[in-house]
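Worksheet: one structure, shown below.
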Amino acid sequence: MSQLKKCTATKALLLLVLWCSCALALAAQVAGTVVQLSGPLMARKASGAVKILSLKSEVESGDTLVTEKNTYALVRFIDNSEMTLKPSTTMKIDNYAFDNAKPDGDAANFSLVKGGLRSVTGLLGKRNKEKFELKTPSATIGIRGTTFIAEYVPAEEERALASLQAWLNASTAALGDSVMPIAPLQLAQIPGPKPLSPPPGLMPGLYVHVIDGLIHVTNPAGTSNFSPGQFGFTPSPTTPPVIIPRNPALQFTPPASFSSPPQSSQAGPGKSNVIECEVR
């Protein structure tokens, strides 16, 4: 009888060890840390839990980050790349993996659901450019060692094209010029004078602005490359990305403190000195 009890206890211990090992294996990799913050920032975990983040909070692969209407948030990833999220932004870290000694395992896949961000390339993007991918409903952005701004304004394709056509009609009417139809949209090739001023607010679609390096924007309708100083627009996945001649009124103005090194804290590395709240 005692032999049976010993056998049962041994099996239970082995099962516990196996369960712990599996739990550790399935744990999401820490992707980065919040290093600057101007307001509320939440993370929806893969488990469904919602966590309110603070300075020095860690973010993980699988997290969906959500900023409030007045929040800028700067996340520094473990390869030293950075993403600054602007207010009212939803961005998911689909799959992030980085090990300095194992470049073959690199992965940096993100999804911009709505809102805008500024991305600065780190070590991963420099040694494995093809492993970086920022998806949006209109197109996917790839890099060539880059600093760029992306903003996605949600809407249907018909609304995007109708809004742009109306803007072109109104702004060129004063010049006495006719406006050619834009289906499919090819704003960069529209002849004659360009519109007098940007439209009030951003029209639906994906906007990009390259600050440094190169990016390529791809969807089923085509691919376009963008260089430093250029702006691009992709209204939908069925319309190819195009270069636009000027800033379409993109707004990206994080607090001045975001340009300074983060303040030191007595808290340990990777830990916040503010209590994090998790809602399940």
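The values are calculated or read from the model by the stated rules, or taken from the named source; none is laboratory data. Treat the numbers as computed from the prediction; the structure is a model and nothing was measured. Using ideal geometry, Cβ is built from the backbone for each residue, glycine included, and neighbour counts are taken over all protein chains shown.
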Checklist entry - Given the conditions (1) charged (D, E, K, R); (2) modelled with pLDDT under 55; (3) in a loop (DSSP other than H, G, I, E, B), and given that Lys5 satisfies all but one, which numbered condition is not satisfied? => result (3)
Item to check | Residues of segment 107-128 classified as more than 18 Å from Val153 (Cα to Cα) and surrounded by 18 or more Cβ atoms within 10 Å (Cβ to Cβ), total | outcome: 6
Checklist entry - Any residue in segment 204-212 that is in contact with an Asp or Glu (Cβ under 9 Å, 6 or more places away or on another chain) and surrounded by fewer than 16 Cβ atoms within 10 Å (Cβ to Cβ)? => result no
Next on the checklist: Quick test of your reading of the structure: Leu124 fulfils all but one of (1) out of contact with any helix residue (DSSP H, G or I) (no Cβ under 6 Å at 6 or more places or on another chain); (2) more than 21 Å from Val75 (Cα to Cα); (3) modelled with pLDDT under 95. Name the failing condition by number.
Outcome noted: (2)
Checklist entry - Being in a loop (DSSP other than H, G, I, E, B), modelled with pLDDT of 95 or more, touching a Gly at 6+ places or on another chain (Cβ under 8 Å) and of a type outside the set (Gly, Ala, Ser), is that true of even one residue in segment 218-233? => result yes
Item to check | Scan of segment 84-106 for residues that are surrounded by fewer than 22 Cβ atoms within 10 Å (Cβ to Cβ) and free of Cβ contacts under 8 Å to residues at least 40 places away in the same chain, ordered by number | outcome: Ser88, Thr90, Lys92, Asn95, Asp99, Asn100, Ala101, Lys102, Pro103, Asp104, Gly105, Asp106
